[in-house]
Amino acid sequence: MRRAEDRIEIRLPERRTPPASVVAHLGPTNSGKTHDALAFLAEQGHGVYAGPLRMLAQEAHRRLALQLGDDRVGLITGEERINETAPILCCTVEMAPAKGEVLVLDEVQWADDEERGAAWTQLLLAGEYRHIRLLGALDALPLVRRAFPDAELRVHERKLPLEFVGPRQLRGLTPGTVVVAFSRKAVLALAGEINRLQPNRVAVLYGAMPLASRREEIDRFLAGDADVCVATDVLGHGVNLPCETLLFAETTKFDGEVRRPLEPWELAQIAGRAGRFGLVERGHVGVLVGIDWASADPDLVESALEPHVELPEGHRGYRIVDEARIGARLGDLGIDDARDLDAALAAWHRVATREWAHESWLAVESLQPIRGRLAVVERHLRGRGRRLELEDMWTLVNAPIDPDGGELLGLLALAVAGDRSQRSLLQFLLDTSRLRDATLEEAEEAGRVAAILRWFALQYPDVGGVTIERAAELERAAAERVVRRLTVEVRDGRLGRCRSCGRSCPPWFPLCDRCARAGRR
């Protein structure tokens with residue numbers, strides 16, 4: 001391990017030429033900061049929008065293409081490439097070019113994300129752009145001042161105030177209402193209950209849905225074809241869904257380890273979707289009551305509508321974001337053999353932690369996700385007696401894949417290593433006919449697989465028979481199947497109802513308490 005540490009080279013990203021201008025557009029949701037920054041980008045005519053999510057990049061691409069024309073705007077994410085040589089590019093942050101004329105860096109507070117923050121830090125410290133526009137919550141002001149002490153600050157206020165309206169009953173939901181819960185099952189169960197009162201007028205939105213099906217449900221709601229939308233906190237992560245009233249059905253969520261109350265900044269980010277500028281005078285925020293298994297703390301919601309944390313320069317926010325994450329780069333590790341990668345990553349983490357301990361605003365990115373993916377890939381390679389070159393291993397372990405996609409990543413690694421036995425399974429995964437009778441869960445999984453295969457096809461064209469065209473067709477078919485099955489599931493309304501007596505019960509249990517005690521099935 002000491003030898004591995006001796007090979008490590010620690011280098012902070014840095015730019016050669018300082019930008020001519022840096023402006024930080026900071027403020028809450030629905031305050032116009034993205035509008036102003038994109039207007040500057042369009043006016044300059046050359047540059048990059050970089051956001052945290054594929055859906056955000058797609059939204060920016062749509063807006064700019066409508067304004068400037070399709071030939072002037074391109075889209076680059078891990079899963080797609082459209083008009084890559086256009087003068088204006090809309091990207092996910094990891095795909096943003098290292099230099100250009102204008103950089104619009106969205107959700108700058110993500111620089112503190114322990115798994116992906118290094119991509120923001122790279123652009124903050126080393127992006128060679130003439131003009132930089134930083135977008136985010138006012139909470140990120142301390143971080144902005146660390147990176148750019150002399151940046152111009154433009155504080156954006158909400159165009160519409162938020163008003164707490166207290167409890168609202170299920171029967172009293174009005175058109176333009178969004179109801180928020182924090183699990184897929186809770187969302188589907190609530191949608192079923194609302195559909196009993198407002199048949200075929202309910203849209204659904206949650207993270208496991210393919211992007212195209214999310215877009216279809218959003219469009220239904222915005223067009224008035226659905227009066228109510230039931231959604232998870234995907235609303236707080238890049239979904240632009242303005243509404244007249246937003247009601248919390250829950251104020252606790254499972255964060256992967258424990259079920260906990262939502263933080264004020266999380267509630268505020270979601271609540272900020274309330275209000276349709278030009279249509280209503282204010283956004284209404286409240287809590288949904290009347291569902292036995294769902295409860296929201298009205299005091300917690302009301303208190304989150306006003307920022308309470310002191311920030312620099314006399315401002316108030318919800319938390320202090322003053323750190324940025326630094327991640328390992330392959331060139332820092334001092335190795336040329338993929339078999340040394342795990343030890344090199346562990347060594348880099350120790351050296352980097354010591355090196356930057358004195359830098360109060362820099363923290364080391366978590367290596368747990370990348371080392372977890374590396375372990376899965378190595379296991380698959382060992383099982384088939386295969387090896388990968390270091391560059392290929394680095395590409396694969398940095399794939400945008402969550403832990404649920406680990407086994408698929410292992411199959412893809414074998415395909416890159418030349419193991420042709422994986423081809424038949426990959427061809428099965430790409431076969432859209434298997435979705436003909438797919439359940440909702442199976443269609444959602446096919447959508448996740450399609451996104452991974454799209455990424456893989458762009459990195460390794462036609463390896464294992466995976467092409468971008470077939471992966472895109474699978475994603476389209478999965479999205480269509482999800483929408484069809486959602487209609488059935490919501491209309492059926494069985495989730496959240498006891499399968500024995502039909503009474504309301506928590507959607508994560510098949511029976512209500514009475515039937516469970518009676519031993520019914």
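Which of the residues that make up segment 440-473 are aliphatic (A, V, I, L, M), open to solvent by 20 Å² or more (accessible area, probe 1.4 Å) and farther than 17 Å from Ala399 by Cα?
Residue satisfying the conditions is Ala472 alone.
Mind counting the residues in segment 241-268 that are at pLDDT below 95 and among the aromatic types (Phe, Trp, Tyr)?
2
For segment 357-380, which positions are part of a helix (DSSP H, G or I) and over 17 Å from Leu345 (Cβ atoms)?
The answer is His380, and nothing else.
So how many residues does segment 489-502 have that are surrounded by fewer than 20 Cβ atoms within 10 Å (Cβ to Cβ), in contact (Cβ under 8 Å) with a residue 12 or more places away in the chain and part of a loop (DSSP other than H, G, I, E, B)?
The number of residues fulfilling the criteria is 5.
Could you please give the count of residues in segment 474-486 that are touching a residue at least 12 places away in the same chain (Cβ under 8 Å), open to solvent by 30 Å² or more (accessible area, probe 1.4 Å) and not acidic (Asp, Glu)?
The total comes to 3.
Quick one: how many residues across segment 316-327 are surrounded by 22 or more Cβ atoms within 10 Å (Cβ to Cβ) and more than 21 Å from the chain's Cα centre (by Cα)?
1
Looking at (1) modelled with pLDDT of 95 or more; (2) in a loop (DSSP other than H, G, I, E, B); (3) in contact with a helix residue (DSSP H, G or I) (Cβ under 9 Å, 6 or more places away or on another chain), which one does Ala296 not meet, given that it meets all the others?
Going through (1) modelled with pLDDT of 95 or more; (2) in a loop (DSSP other than H, G, I, E, B); (3) in contact with a helix residue (DSSP H, G or I) (Cβ under 9 Å, 6 or more places away or on another chain) one by one, Ala296 breaks only (3).
Which one of the conditions (1) on the phi > 0 side of the Ramachandran plot; (2) modelled with pLDDT of 95 or more; (3) not aromatic (Phe, Trp, Tyr) does Gly238 fail to meet, given that it meets all the rest?
(2)
With Arg184, Arg214 as the choices, which residue is within 16 Å of Glu250 (Cβ to Cβ) and touching a helix residue (DSSP H, G or I) at 6+ places or on another chain (Cβ under 9 Å)?
From the options Arg184, Arg214, the qualifying one is Arg184.
What strands (runs of 3 or more DSSP E), lying completely within segment 145-196, carry at least 2 residues that are crowded, with 21+ Cβ neighbours inside 10 Å and among the β-branched types (Val, Ile, Thr)?
Output list reads 177-180.
With the condition being in contact (Cβ under 8 Å) with a residue 40 or more places away in the chain and open to solvent by less than 40 Å² (accessible area, probe 1.4 Å), I'd like the strands (runs of 3 or more DSSP E) fully within segment 1-117 carrying at least 1 qualifying residues.
By residue number, 21-26, 47-51, 88-92, 99-105.
Which of (1) assigned to a helix (DSSP H, G or I); (2) in contact with a Lys or Arg (Cβ under 8 Å, 6 or more places away or on another chain); (3) open to solvent by less than 20 Å² (accessible area, probe 1.4 Å) does Ile401 not meet, given it meets every other one?
(1)
In segment 3-17, is there at least one residue being more than 19 Å from the chain's Cα centre (by Cα), modelled with pLDDT of 95 or more and hydrophobic (A, V, I, L, M, F, W, C)?
Within segment 3-17, none of the residues are more than 19 Å from the chain's Cα centre (by Cα), modelled with pLDDT of 95 or more and hydrophobic (A, V, I, L, M, F, W, C).
Let me confirm something: among Leu430, Leu341, which residue is crowded, with 16+ Cβ neighbours inside 10 Å, in contact (Cβ under 8 Å) with a residue 40 or more places away in the chain, within 29 Å of the chain's Cα centre (by Cα) and farther than 18 Å from Tyr460 by Cα?
Leu341
The values are calculated or read from the model by the stated rules, or taken from the named source; none is laboratory data. This structure is a prediction, so every number in the text was calculated from the model and none was measured. Here the Cβ is made from the backbone with ideal geometry for all residues, glycine too, and neighbour counts use every protein chain on show. For accessibility, only protein heavy atoms count, side chains too; no ligands or nucleic acids. Shrake-Rupley method; radii C 1.70, N 1.55, O 1.52, S 1.80 Å.
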